[in-house]
1. Just to check your reading of the model, which residue among ALA20, ALA14, ALA32 is on the phi < 0 side of the Ramachandran plot and part of a loop (DSSP other than H, G, I, E, B)?
2. Report the residue count in segment 7-18 for those that are free of Cβ contacts under 8 Å to residues at least 40 places away in the same chain and either surrounded by fewer than 14 Cβ atoms within 10 Å (Cβ to Cβ) or among the hydrophobic types (A, V, I, L, M, F, W, C) (or both).
3. Just the residues that are closer than 17 Å to SER30 by Cα, part of a loop (DSSP other than H, G, I, E, B) and either touching a Pro at 6+ places or on another chain (Cβ under 8 Å) or among the charged types (D, E, K, R) (or both), please, taken from segment 55-110.
4. Given the conditions (1) in contact (Cβ under 8 Å) with a residue 40 or more places away in the chain; (2) farther than 17 Å from VAL35 by Cβ; (3) buried (at least 19 other Cβ atoms within 10 Å of the Cβ), report the number of the one that ARG52 does not fulfil.
5. Inside segment 1-55, can you point out the residues that are polar (S, T, N, Q) and farther than 15 Å from ALA70 by Cβ?
6. For ALA43, state whether it is surrounded by 19 or more Cβ atoms within 10 Å (Cβ to Cβ), at pLDDT 95 or above and either on the phi < 0 side of the Ramachandran plot or among the hydrophobic types (A, V, I, L, M, F, W, C) (or both).
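The values are calculated or read from the model by the stated rules, or taken from the named source; none is laboratory data. All values reported here derive from a predicted model rather than from experimental measurement. So basically every Cβ, Gly included, is an ideal-geometry build from the backbone, and we count neighbours across all protein chains shown.
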Amino acid sequence: MDDAGNELGDRIRALLSSDAALEERRMFGSRAFLVDGRILVAARNGGVLLVRVTAEHGAALLTHAGATPAVMGARTMSSNWLDVAPNAIEDDDSLMFWLDAAREDSAALD
């Protein structure tokens with residue numbers, strides 16, 4: 001994990017620290033943040049945020065600047081997985097928008 005990814009991970013942990021169910025784990029070269037064993041978000045290399053949402057919400061969120069379908073290796077993921085560019089999450093309010101989107105959809109992804 002590079003410095004930008006580690007910094008993003010630290011920011012995520014600080015913003016979600018009040019959630020007792022939050023678990024942090026290294027997965028797929030990222031720092032993943034899980035709730036009830038499911039990935040909520042992950043801090044990726046380059047400070048890219050990986051966000052897990054419902055397919056319907058993901059399609060709508062792709063209209064936001066900096067959001068693209070997530071890519072893992074050579075594979076483009078489904079619309080449940082979004083990458084958010086570092087310039088779209090520069091401040092805590094914009095990062096919190098994406099964290100809230102993931103938390104809202106988390107229960108629907110069972």
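1. Being on the phi < 0 side of the Ramachandran plot and part of a loop (DSSP other than H, G, I, E, B) holds for just one of ALA20, ALA14, ALA32, which is ALA20.
2. 4
3. MET77
4. (2)
5. Once the filter is applied, which keeps residues that are polar (S, T, N, Q) and farther than 15 Å from ALA70 by Cβ, segment 1-55 yields ASN6, SER17, SER18.
6. Yes.
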